[in-house]
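Everything on this sheet refers to the single structure shown next.
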Amino acid sequence: MFDTLTDRFDAIFTRLRGRGRLGDAEVAEVLREIRVALLEADVNLAVVRELIEAIRARCSGAELAKYLTPAQQVIKVVNEELTATLGGQALKISYASKPPTVVLLAGLQGSGKTTSSAGLARWFRQQGRHPYLIGADLQRPAAVEQLRVLGAEIGVGVFSEPTDPVSVARGGLAEAQRLGRDVVIVDTAGRLAIDRELMDEVRRVSEAVRPHYTFFVVDAMTGQDAVQTAEAFHQALQLDGIILTKVDGDARGGAALSVKQVVGRPIAFLSTGERVADFEVFHPDRLASRILGMGDVLSLIEKAEREYDEEVTGQALQRLQTGTFTLDDFLDQLRQLKKMGPLTGLLSLMPGVPKEMRDAKVDDRDVGKIEAIICSMTPLERADPTVLDGSRRLRVARGSGTSTTEVNNLLRQFKEMQKMMRGIGPMAKLMGGRPGNPSKSSKGTRKKVKGGRVTPSSKGLGPSR
Amino acid sequence: MALVIVLIVVAVVLVASGTLVAGTRSRRRDAVLTRARAPKARPSEPVPSVTTPAEPGTAPQLEIQAVHPALKDRLGRARGLLAGYLDQVRGRKGIDEATFEELEEALILADVGVTTTTRVLRDLRDRLHSGALSATDPPALLQALQDDLTSLFEGDVETLAYAEGEGPTVWLFVGVNGVGKTTTIGKLALRETKAGRGVVLAAGDTFRAAAGEQLESWAERADARIVRGSDGADPSSVIFDAVQHAASRGAGLVLADTAGRLHTKVNLMDELRKVRRVAERPPGQLTEVLLVLDATTGQNGVVQARQFTEAVGVTGIVLTKLDGTAKGGVVLAIRSELGLPIKLVGVGEGPEDLVPFDPTEFVSALFG
């Protein structure tokens with residue numbers, strides 16, 4: 001239903017190129033597309049309006065016409081504006097001179113406060129601190145129990161008692177001081193911004209513990225309402241930062257932008273999964289690409305960095321460039337790739353992957369099959385697949401529990417890939433030559449995938465331009 | 001299949017090595033160093049336990065209160081924003097482009113979404129051009145818009161279906177994390193036991209810490225039975241046991257909870273498919289698969305509805321947290337794109353605040 005912005009812009013600009021001139025009317029059309037894209041991403045209407053004005057000011061038709069790829073240029077401007085809006089100063093936690101440093105979490109019901117509390121505690125521990133959790137959500141049945149389970153999982157103490165939130169908070173703080181903990185995280189009950197009584201209560205909790213940091217926890221799937229809720233919480237509690245949760249879904253997270261804009265305080269952390277460990281520091285540039293529906297190369301790179309063995313990968317790259325990439329190398333890479341998690345997830349991180357492919361369900365069991373096929377080959381066969389005649393193929397198929405068709409398929413694809421790689425060898429060098437420039441490496445990936453589209457076997461994926 | 005995988009391998013090699021050649025990129029290893037990757041152990045042999053409330057004999061008499069808090073009152077608390085736009089429209093002498101812009105903004109702010117908004121307004125415009133609507137009567141235009149939106153829900157069956165004949169009715173609750181599945185089940189359990197039905201709760205959320213405890217405290221309140229598995233147990237087995245338990249005790253209704261899951265997680269959605277298959281196995285009769293949706297959800301709600309429907313055949317939507325400032329307009333988009341009926345709405349914390357959906361009230365509340 002929703003093509004990526006790049007594709008839509010490309011369509012507009014291709015139409016224009018025939019006429020040669022880029023007028024204000026065309027720019028207006030592009031801006032309309034941007035507006036729709038931002039609204040579809042749940043960015044608040046008022047924020048969208050501001051953004052569009054900022055983008056309009058930077059994209060005059062005459063200026064755009066100078067570029068060979070005006071679409072890319074517009075995207076760049078939009079991306080920069082979004083990043084600027086999302087970014088600003090990053091939140092740097094400075095610890096209280098007289099410990100403990102107190103952190104309070106507040107937000108709507110179901111936004112993920114309890115999970116985030118534990119995630120945050122774990123993060124503080126990784127920073128070498130000694131956190132302590134206070135369960136002041138006495139509203140939801142078993143909320144404290146949930147916090148206790150999570151606390152036990154990460155080895156952080158949890159304080160709570162069935163009295164009232166204010167005295168729990170006060171008691172917990174005293175207990176933390178007695179235990180000599182230097183960070184205290186207070187989990188509060190979810191509440192609606194318009195519930196005066198409960199907003200009052202959280203204000204009293206806040207007054208009781210005098211938090212150094214108050215975080216607003218907001219769900220990445222939130223719609224236009226994010227603004228009003230954030231405003232109300234900000235008024236009551238003077239927020240210091242935002243924690244964006246459920247980022248692992250496919251919501252584009254425009255709410256983050258709205259909240260950031262309204263509260264004027266940075267987005268500090270992201271919760272990217274149900275597990276306590278899925279909690280990380282926020283990077284504005286990545287969310288910007290995501291709101292625009294452009295994939296998230298940086299996360300992919302980071303994931304790859306974490307999981308990949310540098311040496312093996314370096315060799316693989318060299319072989320790719322010189323055209324001596326063997327099935328053995330391929331097997332190595334495949335095994336490393338498996339460590340990074342399900343392939344389907346990886347595809348969604350890559351920009352420029354055609355929609356058909358992104359939606360294709362990659363069955364991770366197929367990876368196992370490919371592994372089995374290669375493992376059933378002799379070293380000679382792996383180094384030089386051309387020796388695989390009919391009888392060898394049959395042996396390999398039997399050995400791996402697959403069929404000769406599957407073996408043939410793999411070999412054909414592998415050959416195609418080798419052919420394709422010879423073409424992009426120099427390109428990969430170019431990428432290497434630009435250290436640490438994310439936008440360059442993102443382009444590299446996109447080009448590469450496009451390279452894949454022109455191979456005869458990838459018919460049906462369709463060239464996009 | 002091989003093509004995609006081969007491509008991915010190569011692409012990732014390039015991405016990884018591209019930065020490795022660059023070499024010096026600082027590594028952010030702080031918060032994400034040891035991401036737990038192994039899925040929580042899910043023992044294949046769960047040990048379900050059956051807990052019966054302390055005094056099972058004291059089931060309350062049939063006592064259905066006619067509590068139906070006026071949706072509009074609840075929703076009306078924070079309608080300032082929208083009402084502003086609409087007052088502007090009403091106050092004008094004629095209908096022009098500005099009118100449509102204001103209507104568009106009002107609908108978008110209610111999370112109706114660009115696609116549905118555009119379609120609805122195009123329709124209005126057409127009628128204006130054809131003379132079916134007067135160009136000098138803004139209130140009539142507003143009324144027409146309201147009627148259009150209300151009529152989106154025409155022909156919906158808003159009641160929850162009970163199975164006919166033998167075997168317990170099973171209602172399965174699904175949705176993303178934090179939308180209020182467990183709370184909804186708790187409130188429904190209270191309502192159904194009050195109506196004199198024997199209710200068994202199946203604590204199918206074996207993943208989230210203390211989800212079982214949360215449901216158990218509702219079971220106590222509602223005087224319903226609950227079947228729980230051990231943490232990390234296969235949810236299908238818990239639901240299977242709950243159905244068996246209900247059948248043997250002659251309880252008529254099983255409310256099956258499931259762990260919240262994002263619709264993008266292929267393996268978790270597969271797990272849910274299995275849960276559904278097990279839930280409809282006789283003697284159980286699965287009559288409702290309810291998608292619980294949070295009113296604050298934006299356009300992602302449409303994607304959620306589509307994915308869950310595809311996976312487990314959603315029969316209706318429960319829209320929760322409508323008592324806040326959020327309008328829940330995304331259900332209009334869901335209704336017009338997927339045709340799913342809204343069966344229940346949650347308009348408050350109390351059990352009596354889970355009420356049947358009323359399209360007219362919902363739409364007029366949308367308009368403030």
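The values are calculated or read from the model by the stated rules, or taken from the named source; none is laboratory data. Computed from a predicted structure; not experimentally measured. FYI the Cβ positions are ideal-geometry reconstructions off the backbone, even for glycines, and counts take in every protein chain you see.
Quick grid of which residues meet (1) under 21 Å from A:Pro100 (Cβ atoms); (2) buried (at least 18 other Cβ atoms within 10 Å of the Cβ); (3) within 12 Å of chain B (Cβ to nearest Cβ):
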site	(1), (2), (3)
A:Gly151	yes, yes, yes
A:Gly155	yes, no, no
A:Val158	yes, yes, yes
A:Pro165	yes, yes, no
A:Ala169	yes, yes, no
A:Glu175	yes, no, no
A:Val184	yes, yes, no
A:Leu192	no, yes, yes
A:Asp195	no, no, yes
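Of all residues in segment B:296-304, at least one satisfies being more than 21 Å from B:Arg225 (Cβ to Cβ), facing another protein chain (nearest Cβ under 9 Å) and part of a strand (DSSP E or B).
Filter segment A:88-115 down to residues that are out of contact with any strand residue (DSSP E or B) (no Cβ under 9 Å at 6 or more places or on another chain) and either at pLDDT below 80 or on the phi > 0 side of the Ramachandran plot (or both), then give me how many there are. Talk me through it step by step, then tell me what you get.
Just the residues of segment A:88-115 that are out of contact with any strand residue (DSSP E or B) (no Cβ under 9 Å at 6 or more places or on another chain), to begin with: A:88-89, A:92, A:97-98.
Pick out the ones that are also either at pLDDT below 80 or on the phi > 0 side of the Ramachandran plot (or both) and you get A:88-89.
Total meeting the criteria: 2.
Scan B:Val363, B:Val331, B:Val312 and give me the residue that is under 25 Å from B:Gln143 (Cα atoms) and either more than 14 Å from every other protein chain (Cβ to nearest Cβ) or in contact with an Asp or Glu (Cβ under 6 Å, 6 or more places away or on another chain) (or both). Going through B:Val363, B:Val331, B:Val312 in turn, the sole match is B:Val363.
Annotation note: of B:Ala222, B:Ala233, the sole residue that is at pLDDT below 90 and away from every other protein chain (no Cβ under 14 Å) is B:Ala233.
Among the residues of segment B:243-265, those that are within 13 Å of chain A (Cβ to nearest Cβ) and either touching a helix residue (DSSP H, G or I) at 6+ places or on another chain (Cβ under 6 Å) or closer than 14 Å to B:Gly198 by Cα (or both) comprise B:Asp257, B:Arg261, B:His263.
Would you confirm whether or not segment B:351-359 contains a residue that is out of contact with any His (no Cβ under 7 Å at 6 or more places or on another chain) and either part of a loop (DSSP other than H, G, I, E, B) or within 10 Å of chain A (Cβ to nearest Cβ) (or both)? Taking every residue of segment B:351-359 in turn, at least one turns out to be out of contact with any His (no Cβ under 7 Å at 6 or more places or on another chain) and either part of a loop (DSSP other than H, G, I, E, B) or within 10 Å of chain A (Cβ to nearest Cβ) (or both).
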